[in-house]
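The values are calculated or read from the model by the stated rules, or taken from the named source; none is laboratory data. Here the structure is a predicted model, which is why all the values come from computation and not from measurement. Note that we place each Cβ from the backbone using ideal geometry, even for glycine, and neighbour counts take in every protein chain shown. Keep in mind that these areas ignore ligands, DNA and RNA; they rest on the heavy atoms of the full protein, side chains included. Shrake-Rupley method; radii C 1.70, N 1.55, O 1.52, S 1.80 Å.
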Amino acid sequence: GMVMALEEQSLQGITERMENVLETVTEVRYPVIAEIKACMKECGAMNSLMSGSGPTVFGIFRDRRTAKEAFTKVKAQNLAKQIYLANVHNVRRR
């Protein structure tokens, strides 16, 4: 399913299939990972995931306004030492 979603450039399909099996182990030891993910999802992230074996957690949002709200909330709750709001510049619109 992920390959098809990538080929179709379906952001919804991609975010629905995102997973990281290492999260189940890492979140037990570092519960803040689950807190950050939950915060982003509550703020409207299509999905949120730990990258690789950590320590990065990211969220994917439909628009910058929603991402900015999540950024502000994660920062206000002091859930992370470093937090960044990034743009995607190489997206082809259909």
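With a sphere of radius 15 Å drawn around the Cβ of GLY1, what net charge do the other residues whose Cβ falls strictly inside it have (Lys, Arg +1; Asp, Glu -1)?
Values: positive: ARG17; negative: GLU7, GLU8, GLU16, GLU19.
That sum, taken over residues with Cβ under 15 Å, equals -3.
Go through (i) 38, 29, 20; (ii) 42, 25, 23; (iii) 56, 39, 21 and flag the label whose value is the computed Cα extents along the principal axes in Å for this structure.
(i)
Rounded to the nearest 500, what is the 222 nm mean residue ellipticity of the chain from helices alone, with -39500 (n - 2.57) per DSSP H run of 4+ residues and division by all residues? List each step's numbers first, then the result.
On the way: 5 runs with 44 residues, N = 94.
Using -39500 (n - 2.57) per qualifying helix, the result is -13000 deg cm²/dmol.
Order these peptides, 43-51, 20-28, 55-63, by their mean beta-carbon neighbour count within 10 angstrom, highest first.
Details: 43-51: 18.2, 20-28: 13.1, 55-63: 16.6.
My ranking of the peptides, most packed first, is 43-51, 55-63, 20-28.
Projected onto the charge dipole of the chain (+1 at Lys/Arg Cβ, -1 at Asp/Glu Cβ, origin at the Cα centre), which of VAL57, LEU6, GLN77 gives the Cα projection farthest towards the positive end?
Ranked along the dipole, the leading option is GLN77.
With each label point set 7 Å from Cα along the Cα-Cβ vector, what nm distance links TYR30 and PHE58?
Spacing of the two 7 Å Cα→Cβ label points: 1.6 nm.
Using only the heavy atoms of the protein chains and a 1.4 Å probe, how would ARG64, ARG17 rank by accessible area, largest first? Provide the component values of the computation, followed by the final result.
Details: ARG64 125, ARG17 105 Å².
The most accessible residue leads, giving ARG64, ARG17.
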